[in-house]
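Shown next, in structure tokens, is the structure this report addresses.
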There are 2 protein chains.
Amino acid sequence: MSDSLHVLITGAAGMIGRKLLARLVREPRLGGVPVERMTLLDVVEPQVPKSAPFKVSSRTGDLSLPGEASAAVADMPGCIFHLAGVVSGEAETDLEKAYRVNIDGTRFLFDAIRSRNDYRPRVVFTSSAAVYGGPFEGPVTDDFHLTPHSSYGVAKAVCEQLLADYSRRGFFDGVGIRLPAITVRPGKPNKAASGFFSSIIREPLAGETAILPVSDALLHSHASPRAAIGYLLHAATLEMDKLGERPNLMMPAVACTIAEQIEALRKVGGDRAVARIQRVRDSLIERIVSGWPHEFEARRALALGFVPDRDFDEIVAHHVEDELGGKAGA
Amino acid sequence: MSDSLHVLITGAAGMIGRKLLARLVREPRLGGVPVERMTLLDVVEPQVPKSAPFKVSSRTGDLSLPGEASAAVADMPGCIFHLAGVVSGEAETDLEKAYRVNIDGTRFLFDAIRSRNDYRPRVVFTSSAAVYGGPFEGPVTDDFHLTPHSSYGVAKAVCEQLLADYSRRGFFDGVGIRLPAITVRPGKPNKAASGFFSSIIREPLAGETAILPVSDALLHSHASPRAAIGYLLHAATLEMDKLGERPNLMMPAVACTIAEQIEALRKVGGDRAVARIQRVRDSLIERIVSGWPHEFEARRALALGFVPDRDFDEIVAHHVEDELGGKAGA
């Protein structure tokens, strides 16, 4: 990297993009190099922070449309966080859009980088644990194959292959990070099958009821939004030769049961908060969730210095600090 | 399948395509259903056999060009062997062509199938052991991840993902078979880094010298062209529900050392044939070959009834029968 850095975030209006921006506004350095300039890109206008220690420009654009990818790298940003993409539910209901945005958009971005001379940026790509599909035997190891059960996961697996190929050929320095479930996800309850993992913490702490559609014994793996941002920043500054020829990595995560999640909630919100969880089993959700991987070894990522949350208590604490102003009242 | 079958072969002018056609001319049935019609497609005009027990039409066309994929499935062939693609050496020197032909061509074919109503053909796709890249610890298991070291392997891995997704969604019944090294490959010596595996058998049996650029101790895995055709035919008739949600499979292969290959040659061609092998070590070829997987468990494929050659003696015997008219003279 040079002595100051231009950072591009695609998908900047999304939850991860906004939190990444906020973190860089607070700590405007990447690997010791000051961030001098930031470009935000999304299909909806990303919000520009009121005050930032660097210049921020914001653009709307869809990388899968002609000319957009070239425009995105016209100023040759030295670090690109490529977060843009259709989410999993929409990808499953609209295959053509999923492939166009998530596969073609990524390939166009990579090709736009390739077409520039004297340009070799760092590219951090957010892949997902959705690249894995059951059956599983125990925790997912780093060399386990990718057999996704969704078009969202397929698109991520395809982009991982492209990233590895372009990185191997020296067009950019790519790092693909497979994010686990992000818990506690801020915001309103949504209809994602995975929504309950967050809502059974978030809603009770906000004085609302939450529905738990699965067994208390279900094991699953989580990273807080704060840990996920840490993964992105670490991926942006990792020494590439440590990665070797396999630049796509499963991120570490906290594995715990629903019962353990609930106990972490109790410590912060007490029995009153826990009482706001209503158990209503949903066999469809149980079936979907049972096809997901529940536990990851993530040995490579740990050895490379990616730092997960310590436990689910810490995940709840991050939520209280980052979203509730430190107060878990209600 | 219906009571008679229209078969499409893409890449029909290649070695595997020609052998598949010859086999179906001799045995014009797939899973008990008579082949009524055959369409051959390639970028160079595929040769139509002089006499065949079914109607054969031949077309030139590149699936990655507009309209070609739709034209290829206009008559709704019930079984498609998708063999077309740029070979590994060319893929590495011409990335754009590799992605256009091997990725886009395949995706266009799949989309052309998807766009037809009331159409759900069997699609057999030839993937390759090139989807694997070292380091390896022991034989490659069925759940080992795909980290190719070449753009050829990347394109195969991408197409496997698309095949699995389209198959899961019911657009066709896809089976992807990862072929090992095909040995003994008929024809002239070529410049492929893997060429010596075949040439140390083929050339000595033809009275010519062959160069061995690696150690006699090198272990590698092979399937005869005849076994490979058997894999294709089995994949075309396999019951889909036995495949489950993972339609891409490594094929079984005969693992043996170069020394064992040479002993198999000796049994057929004697010391005179063996003496035609010249040992000239080549560190570049050694380095390339060392990144390839050498041994596969292929448990799923074996359990599903794919039948490999018995041993390397049988591989040599197939070559003598199929290419040398049964005579290993010289």
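See the values below:
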{"read-out": "Sparse-neighbour loop sites [trypsin sites (Lys or Arg not before Pro); the stretch B:113-215; at most 10 other C-beta within 10 Å; DSSP]", "value": "B:Lys191"}
{"read-out": "Distances in nm from A:Arg287 to the matching label points in the other copies, shortest first (labels 7 Å along Cα to Cβ)", "value": "5.3"}
{"read-out": "Trypsin sites (Lys or Arg not before Pro) within the stretch A:26-112: DSSP coil, no more than 12 neighbouring Cβ in 10 Å", "value": "A:Lys50"}
{"read-out": "Sequence-distant residues sharing a close amide H with B:Leu212 (under 5 Å, placed H)", "value": "B:Gln278, B:Arg279, B:Val280"}
{"read-out": "Between helix B:105-114 and chain B: long-axis angle, C-alpha atoms, 0 to 90°, nearest 10", "value": "30"}
{"read-out": "Residue mean of other protein chain beta carbons inside 10 Å, B:162-175", "value": "3"}
{"read-out": "Counted charge near B:Asp143, where neighbours are those whose Cβ lies closer than 11 Å (Asp, Glu -1; Lys, Arg +1)", "value": "-1"}
{"read-out": "DSSP-defined antiparallel bridges as percent of all bridges, the protein assembly as shown, nearest 5", "value": "15"}
{"read-out": "Among beta bridges that DSSP assigns inside the stretch B:1-121, antiparallel share in %, nearest 5", "value": "10"}
{"read-out": "Antiparallel DSSP beta bridges within chain A, as percent of all bridges there, nearest 5", "value": "15"}
{"read-out": "Listed residues A:Thr237, A:Thr106, A:Thr93, most fluctuating in chain A (Gaussian network, C-alpha, under 10 Å)", "value": "A:Thr93"}
{"read-out": "For B:Gly187, inter-copy label distances in nm, listed shortest first [label point 7 Å out on the Cα-Cβ vector]", "value": "5.3"}
{"read-out": "Straight-distance crosslink candidates among lysines, where the alpha carbon sits under 27 Å from B:Lys188 and sequence neighbours closer than 8 are dropped", "value": "B:Lys19, B:Lys50, B:Lys97, B:Lys156, B:Lys267, B:Lys327"}
{"read-out": "Low-density loop cleavage sites - trypsin sites (Lys or Arg not before Pro) in the stretch B:239-330, where at most 13 other Cβ are within 10 Å (DSSP)", "value": "B:Arg281, B:Arg310, B:Lys327"}
{"read-out": "Simple label model, 7 Å out from Cα along Cβ direction - B:Glu90 to A:Val307, nm", "value": "5.2"}
{"read-out": "Shielding by partners - mean other protein chain Cβ count within 10 Å, residues of B:154-161", "value": "6"}
{"read-out": "Relative contact order (percent, whole number), the stretch A:1-56, Cα cutoff 8 Å, 6+ residue spacing", "value": "45"}
{"read-out": "Within the protein assembly as shown: Cβ-based charge dipole about Cα centre, in debye rounded to nearest 20 (Lys, Arg +1; Asp, Glu -1)", "value": "640"}
{"read-out": "Amide H within-cut-off set for B:Leu30, under 5 Å, with H built and near neighbours excluded", "value": "B:Val35"}
{"read-out": "Taking chain A and dividing mean pair separation by its residue count, relative contact order in percent (alpha carbons under 8 Å, at least six apart)", "value": "17"}
{"read-out": "DSSP loop GluC sites (Glu not before Pro) with at most 15 other Cβ within 10 Å: longest gap in chain B", "value": "B:1-136"}
{"read-out": "Acute angle (nearest 10 degrees) that the helix A:151-168 long axis makes with the longest principal axis of chain A, alpha-carbon atoms", "value": "40"}
{"read-out": "Nearest-first distances (nm) between copies at A:Arg169, label 7 Å from Cα via Cβ", "value": "2.6"}
{"read-out": "Positive-end residue of B:Val268, B:Gly174, B:Val158, charge dipole of the stretch B:143-290 with Cβ unit charges", "value": "B:Val268"}
{"read-out": "For residues of A:137-146, the mean tally of beta carbons on other chains within 10 Å", "value": "3"}
{"read-out": "Candidates A:Asp142, A:Asp271, A:Asp104: whichever shows maximal mean-square fluctuation once chain A is modelled as a Gaussian network with Cα springs under 10 Å", "value": "A:Asp271"}
{"read-out": "Highest-MSF residue in chain B out of B:Pro148, B:Pro252, B:Pro180 [GNM, Cα springs under 10 Å]", "value": "B:Pro148"}
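Bear in mind that the values in this text are calculations on the coordinates, not laboratory data. Treat the numbers as computed from the prediction; the structure is a model and nothing was measured. Don't worry about glycine lacking a Cβ; one is built from the backbone with ideal geometry, like all the others, and counts go over all protein chains shown.
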